[in-house]
Amino acid sequence: MTATNTIAKTNTKTSVDTRAEVSRGAMISINTAGAVIGLWAFASLVGGMVAAGGPVALAKAWFSAVAGM
């Protein structure tokens, strides 16, 4: 039994579309910013409801503030 040394060489070219990668990164950044803003708005709404004493009280206070009463 003889040992055979086999060396396999593989040449691969990788082509990356830079515009697609930058676009993908930009979309991830924009979506992340939108999600953070949405979560902040939701937390503010919940905080307002807690401070006002519930959703009905918040609606009454908001209407009073907008109407100037």
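The values are calculated or read from the model by the stated rules, or taken from the named source; none is laboratory data. These figures come from a predicted structure and were not determined experimentally. Virtual Cβ from ideal backbone geometry, glycine too; neighbours counted across all protein chains shown.
Among the listed residues Ser64, Ser23, Ser44, Ser15, identify the single one that is among the hydroxyl-bearing types (Ser, Thr, Tyr), assigned to a loop (DSSP other than H, G, I, E, B) and free of Cβ contacts under 8 Å to residues at least 40 places away in the same chain.
Ser15
Exactly one of (1) surrounded by 10 or more Cβ atoms within 10 Å (Cβ to Cβ); (2) at pLDDT below 95 is unmet by Ala35. Its number?
(2) is the only condition that Ala35 fails.
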